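A.B. asks: Below: one structure in structure tokens.
The values are calculated or read from the model by the stated rules, or taken from the named source; none is laboratory data. Being a predicted model, the structure only gives us computed values, none of them experimental. Note that each Cβ is placed from the backbone with ideal geometry, even for glycine, and that neighbours are counted across all protein chains shown. Heads up: the accessible areas ignore ligands, DNA and RNA and are worked out on the full protein's heavy atoms, side chains in. Shrake-Rupley method; radii C 1.70, N 1.55, O 1.52, S 1.80 Å.
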Amino acid sequence: MAWRRRDFHQQPPAIPGIVRVDCIGDSMMHGAGALPSQSFPAHLGRQLNAAFPNHLFNAVNFGLEGGNIWNTWSLFKGRWRHGQCDTIVMSVCSNDIRVLEWWEVDYDYSLDDVRWSDQGLGHALLIRLLDEIDRFIAETAVPVVIFFFDICVWPQAFADALDQIFGGRRFTFLKVFSDLRPQLDAVPPAERT
């Protein structure tokens, strides 16, 4: 079961007896370019329901196309009501370290790994936001899972920087790296959607 709308303005009601998982994040969570049934929350709902047949899960897609960890968390907190969801799954991507930057046409993803290690403004603000998420968990007892996903395999130093930033907190942190980037880079620009 998955709520089909993908926006923060619709708040599906909590249904007694159904475990609700609010999925927040950027366009990767939103499922940009995919049908709602192909989004991460839709897959998560199907996987949870298959793995735990004695429970019913509702994964609600609050992914925001063009969003980042800051504005999606802010929007989530703005609509939060206690008892509305049972757990939160949040996605983070390499570009989330770019604070208040708009995407350029010639965006170079290879620079993001440096920003995660440089202890600059993005790093400091991210630490503050993660502290806020920790406080939210302490106050509400709602579990949070944050996963880092990227479509390229980064150097070990980058993975170590992620562990340093996200490790030792109240939330569960998962890293998923993929080798999809070479396949995407092989697609001619005119055919990319």
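A.B. asks: Taking the alpha-carbon centroid of each part, what is the distance from segment 19-36 to segment 127-177 in angstrom?
C.D. replies: Distance between centres, Cα-based: 18 Å.
A.B. asks: Rolling a 1.4 Å sphere over the protein heavy atoms, what is the accessible area per residue of segment 25-100, to the nearest Å²?
C.D. replies: 44 Å²
A.B. asks: Taking the Cβ of PRO143 as the centre, find all other residues whose Cβ is under 14 Å away and add up their charges (Lys, Arg: +1; Asp, Glu: -1).
C.D. replies: -1
A.B. asks: Once you place label points 7 Å from the Cα toward the Cβ at ALA141 and GLU65, how far apart are they in nm?
C.D. replies: Label-label distance for ALA141 and GLU65, simple model: 4.0 nm.
A.B. asks: Compare the peptides 123-132, 17-26 by average per-residue count of other Cβ atoms within 10 angstrom and give them in order, highest first.
C.D. replies: 17-26, 123-132
A.B. asks: Arrange the peptides 34-43, 62-71, 135-144 so that the one whose residues have, on average, the most other Cβ atoms within 10 Å appears first.
C.D. replies: 62-71, 34-43, 135-144
A.B. asks: A further question on this structure: Okay, which of segment 23-56 sit inside 20 Å, backbone N to the point 7 Å along the Cα-Cβ direction of ARG79?
C.D. replies: Within reach of a label on ARG79, which here means backbone N under 20 Å from a point 7 Å along Cα→Cβ, segment 23-56 contributes 23-46.
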